[in-house]
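Okay, structure first, notes after.
A short reminder: the numbers here are calculations on the coordinates, not readings from a lab. Predicted model, so just to flag it, every value in this text is computed and none were measured. Here Cβ is always computed from backbone atoms with ideal geometry, including for glycine, and neighbour counts include all displayed protein chains.
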């Protein structure tokens with residue numbers, strides 16, 4: 001039986017200076033957030049396909065959403 005790889009599996013989360021994030025709790029939160037995002041995207045893709053939408057367009061919209069996410073902590 002194939003076990004599905006979790007979204008955060010294999011990712012080494014890094015701080016802005018490039019050092020790995022070492023706090024296990026932070027890594028768990030980051031990986032959990034990815035799983036929630038992945039599942040929401042999966043559900044939305046399935047809904048769109050069932051309603052007759054073009055898969056490529058739906059994926060492009062997802063890409064646009066990710067690109068539009070703003071960093072509220074960025075220095076102006």
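Worth a mention:
- Of all the options 35, 46, 15, the one that moves most in a Gaussian network model of the chain with Cα springs shorter than 10 angstrom is 15.
- Relative contact order computed over the chain (Cα-Cα under 8 Å; 6+ residues apart), in percent: 21
- Each part gets one Cα centre, and for region 46-64 versus region 21-45 those centres are 21 Å apart.
- Förster-model FRET efficiency, 30 Å R0, residue 13 and residue 57, C-beta, rounded to 0.05: 0.45
- Over the chain: helical MRE at 222 nm, DSSP H runs n ≥ 4 each giving -39500 (n - 2.57), nearest 500: -18500 deg cm²/dmol
- Degrees between helix 55-68 axis and first principal axis of the chain (Cα, 0 to 90, nearest 10): 30
- One decimal place: the segment residue 37-residue 69 gains 10.2 nm when fully extended, by the rule 0.36 nm per residue minus the C-alpha distance.
- Whole-percent pair-distance distribution, where bins are 5 Å wide, for the alpha carbons of the chain: 3, 12, 15, 18, 20, 15, 9, 5, 2, 0
- Kirkwood hydrodynamic radius over Cα pairs of region 24-65, then Stokes diffusion coefficient at 25 °C and 0.890 mPa s, in µm²/s: 216
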